[in-house]
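The values are calculated or read from the model by the stated rules, or taken from the named source; none is laboratory data. Note that the coordinates shown come from a computational prediction; the quantities given were computed from them, not determined experimentally. All Cβ positions, glycine included, derive from the backbone under ideal geometry; neighbour counts span all protein chains shown.
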Amino acid sequence: MVTTVVVAPPAQSKPAAKYSCPVCQKNTFKRIQDLRQHQQDVGHGILCKGCQRSFGSKESMQQHYADVHQAPRQRLPCATCDEMFASTQALTEHQAAHIKQQKPWGCSTCNRQFASQNALINHQASHRRTASQVTCTTCTKGFKDSAALSQHSVIHEKPKANVESAAVDTTGAAVSGPTANAPEPLAAAVPDTRPVLQGLSNSIHPELAIANVLTNHPYNNSRLALLGPSEQAVRYPQLQSHCHSTTRLVAQGFIMSTTANNHKDKPWRHSIPRYHFRPTPAPASPLSHATKHKAVVIDCEMVSVTRGQQHLASLAAVDFLTGKVLINRYVYPESGRITNYRTRYSGITAAVMDAAIQSGTALRGWVAARRALWEYIDAETVLIGHALQNDLNALGIIHPRVVDSQILTGEAIAAAGAAATASSLPLVALKTLTKELAGYDIQVGRKGHDALEDTYATRDVVVWCLRYPQALEEWALRTWNQRLQRKQAAAETRKRMQQKKAQRVVAQASGLAFRSSIQVDEESDDDDESEVLRWEDIAVDCGWPHPDTGYDPWSD
């Protein structure tokens, strides 16, 4: 009998993975493309310790470090933007881009620049098409429509009794009404339902009566401050006198040097390396200084990018004196990708950003946004903002002439409580300031913020503070007392919670069932939810960022 033995062929093993991630040691990648995709998805690149640049392998990072940071190399600066280049060829190619961007043909009417004479001629034709349609019979000044003419005509009207009764005494007076909103002088035929100051004696220049007319503004028809020429001449010196000291700016987290580290405990703000920060350029000549704006209000919105950092996503800039919009643009990262649009706070979605990029209206990178802002300002310009250090950090700008609405109101509150210090100020959110001082609502709904809306709100808050110093002091005192009451209530809540916890421990130790119906505080009938400390309570007192998202509640 013959026995046949069948030998099975040896099992073929699967090909072993060839590549592994040097960060997480995961070794299941068969192709280098799979490893690169993994590193991009989870941010497991090898960072250069010299410039924080990400590399796919340790060898490429070491080669980069040896070539860039160890070996001496030529550093050629661009005379236009101070960017450094390693070779003459790279510098020449970069300067060629500046030459293409030059626009030597200027419009004498609006100062807009054009690259060719034909473009200038076409633009000037639009000025002729939009020539004045109506004319003032008193001074023959032309206006585009009857609404603009009606605002202007207030200047020529004689002061009336009802106008004088609502006139504003900038030296201050007693405030009536619970909100203490100072009155905004309005043009005739525009009703105003806001509280007014009582017992005022001095009247203002008739030209100021056009201030805060109900304008056709896209944000809920808000009352926006309109400054006439006479008031502009008054407010600008006031604004200059309110610029904060360097000590105050450093204490509030402003970066005033490329070497000092003002806030080591807030790493999420270090999206731009400190050595990339630049001071605002000084005026090159009196002629170039004349083309810049005296005071500009800015606001930025941020998104999250790789490695948990944040990046500038939108920039808005408005002339403080005239209210003219200078910049309102989206900004997308020059490299890397957006991991979280933070729509709840930024108001930006992927669809909106993609549309702006495809239409060519979005700026590419924070450097381009900084250059766009420098087209309108120089080192002598007064920059205004709310928590402006966050916006300047996102733009990589060092600027010494600053008026921050958060600092301005915070110093007033601290002075009211005789607690003004160099390191800590009571901080109030922009939404609250706009509601209580300017008298209208912003950031309504859950669609996020809008940089232009916040810019106008910041401008209105600062204008209100300059117009009504006495009312500002009274509001600050009332706010200080409210903060003290909240702190005392929070301390009492914590004390009751500690007592309840201690009684629970005693009851459990004695073997008795602790029933939730036992009243620890017999004098209070509130439910248990009122005993719980919420994040909003702590943030109001301390101004901490959110522990999960890193969102700073005072940055807006």
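Quick one: which helices (runs of 4 or more DSSP H) sit completely within region 339-439 and have at least 1 residues that are closer than 26 Å to residue 81 by Cα and either of a type in the set (Val, Ile, Thr) or in the same structural domain as residue 248 (by TED's automatic domain parsing) (or both)?
Result: 350-359, 365-374, 388-395.
Of everything in region 253-290, what is of a type in the set (S, T, N, Q) and modelled with pLDDT of 90 or more? Give them in sequence order.
Result: 280, single match.
If you take the residues in region 37-63 that are in contact with a helix residue (DSSP H, G or I) (Cβ under 6 Å, 6 or more places away or on another chain) and in a loop (DSSP other than H, G, I, E, B), which one is modelled with the highest pLDDT?
Checked region 37-63; the qualifying residue modelled with the highest pLDDT is 48.
Looking at region 308-338, which of the residues that are surrounded by 20 or more Cβ atoms within 10 Å (Cβ to Cβ), without any contact (Cβ under 8 Å) to a residue 60 or more places away in the chain and of a type in the set (Val, Ile, Thr) is nearest to residue 364 (Cα to Cα)?
331
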